[in-house]
Every structure is written in structure tokens, then in C-alpha cells.
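In what follows, a structure is listed as C-alpha cells, so that the remarks can point back to it.
The values are calculated or read from the model by the stated rules, or taken from the named source; none is laboratory data. Just so we're clear, the structure is a prediction, and the values are computed from it rather than from any experiment. We place every Cβ from the backbone using ideal geometry, glycine too, and count neighbours over all the protein chains shown.
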Amino acid sequence: MAPEVQQNHLLILEDDKGRREFILNSPVYSIGRDPKCDIRLVSQFVSRRHATLVQLPHEDGTYYYRIVDGNLKGKPSANGLLINGRKLQAHNLQDEDEIVFGPQVRAIYYLLDQQSISTVPPDEFDITLISPNMVGDPED
């Protein structure tokens, strides 16, 4: 039986507030300057609703995220998205993709595959005993 592969989707964001990490597991994320966004960007150079992340399924039961410029109603952001140096309307995210939202506002997406391995508890009889006469008196 093959070990089950568990995926962790991680977005590391850098903006005027500093560096923050988001573990992605929801079906949809709104990204932008608006305080109501799921992932808030702190910069005057980004749109209120700059981008949307959508979770989509793979055939093997895992999933991936697609980033789309603007909101889900089709309204694009003012500056667009620069993904790996190319201006794109939408992109299926892959490990280590860089998304630039505006000056000094960027994110790196990571897809971490972790094989879940059952951990065996340590041997309950693996104990080292110290007898009181094993410890010498410093004055001897």
C-alpha cells in the first residue's frame, strides 16, 4: 500500500506590512486592499479586489489553485498580475510561482507534498537508569 500524499498549499506574502504566511485550504480566496478580502494586501498600489484564488480538483483527488486577475464577476484589477515575470489574466499555480500585485507587493506560492508516515511511539522499555551510587560525590 502506497503512503498517502498530503499536499499543503502555502502563500508567502510580502507587502507594506511585512512578510506573512497563509496556508490555503478554502475553495475561494479574495485578495486585495479591501478589509473584507480573505487575504488583505497592505499597499496603496493594489486594487481593492485585486485577484481571486480558486481551488480546482485534479483527477487523483488532490487539488490545485488558479489565480485570476480581479474578482469572480470579471472586473479586472487596475494593474493586473505579473506571474513569473509575465502579465497574465489567470494562471494555474505551480510550486514557487511568483505573483507580483504591485510595487513591493508580491507573493510566492509553494506546493508542499508530504507523505504521511505513521510514527511509531518510542520503545517504552528504552530507559536509561542511573543508580545513586553511579554518581560520585564531588568531595571523593
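Cβ separations smaller than 6 Å between residues 6+ apart or across chains give the following pairs from region 1-26 residues that are under 13 Å from residue 62 (Cβ atoms) and loosely packed, with under 13 Cβ neighbours inside 10 Å to residues that are among the hydroxyl-bearing types (Ser, Thr, Tyr) and modelled with pLDDT under 95: 4/116; 6/116. Evaluate region 41-49: report whether one residue or more is surrounded by 11 or more Cβ atoms within 10 Å (Cβ to Cβ) and under 17 Å from the mean Cα position of the chain (by Cα). There is at least one residue in region 41-49 that is surrounded by 11 or more Cβ atoms within 10 Å (Cβ to Cβ) and under 17 Å from the mean Cα position of the chain (by Cα). Filter region 82-95 down to the residues that are of a type outside the set (S, T, N, Q) and over 18 Å from the mean Cα position of the chain (by Cα), then identify the one that is nearest to residue 45 (Cα to Cα). The selected residue is 82.
Taking (1) hydrophobic (A, V, I, L, M, F, W, C); (2) within 15 Å of residue 100 (Cβ to Cβ); (3) in contact with a His (Cβ under 7 Å, 6 or more places away or on another chain) in turn, residue 24 satisfies each apart from (2). Only residues that are in contact with a Lys or Arg (Cβ under 8 Å, 6 or more places away or on another chain), more than 16 Å from residue 11 (Cα to Cα) and not polar (S, T, N, Q) were counted in region 49-94, giving 6.
For region 7-27, does any single residue satisfy the condition of being in contact with a Lys or Arg (Cβ under 8 Å, 6 or more places away or on another chain), among the polar types (S, T, N, Q) and at pLDDT 95 or above? The answer is no; no qualifying residue exists.
May I ask you to verify whether residue 31 is within 16 Å of residue 91 (Cα to Cα), touching an Asp or Glu at 6+ places or on another chain (Cβ under 8 Å), outside any loop (DSSP other than H, G, I, E, B) and modelled with pLDDT of 95 or more? When the stated conditions are applied, residue 31 passes them. Can you tell which of 59, 98 is under 22 Å from residue 17 (Cβ atoms) and among the acidic types (Asp, Glu)? Going through 59, 98 in turn, just one is under 22 Å from residue 17 (Cβ atoms) and among the acidic types (Asp, Glu): 98.
Assessment of region 47-63 against the conditions (among the aliphatic types (A, V, I, L, M), in contact with a strand residue (DSSP E or B) (Cβ under 8 Å, 6 or more places away or on another chain), on the phi < 0 side of the Ramachandran plot and in a loop (DSSP other than H, G, I, E, B)) yields no matching residue.
To keep it simple, each residue is scored yes or no on (1) surrounded by 11 or more Cβ atoms within 10 Å (Cβ to Cβ); (2) in contact (Cβ under 8 Å) with a residue 40 or more places away in the chain; (3) assigned to a strand (DSSP E or B).
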site	(1), (2), (3)
72	yes, yes, no
87	yes, no, yes
108	yes, yes, yes
112	yes, yes, yes
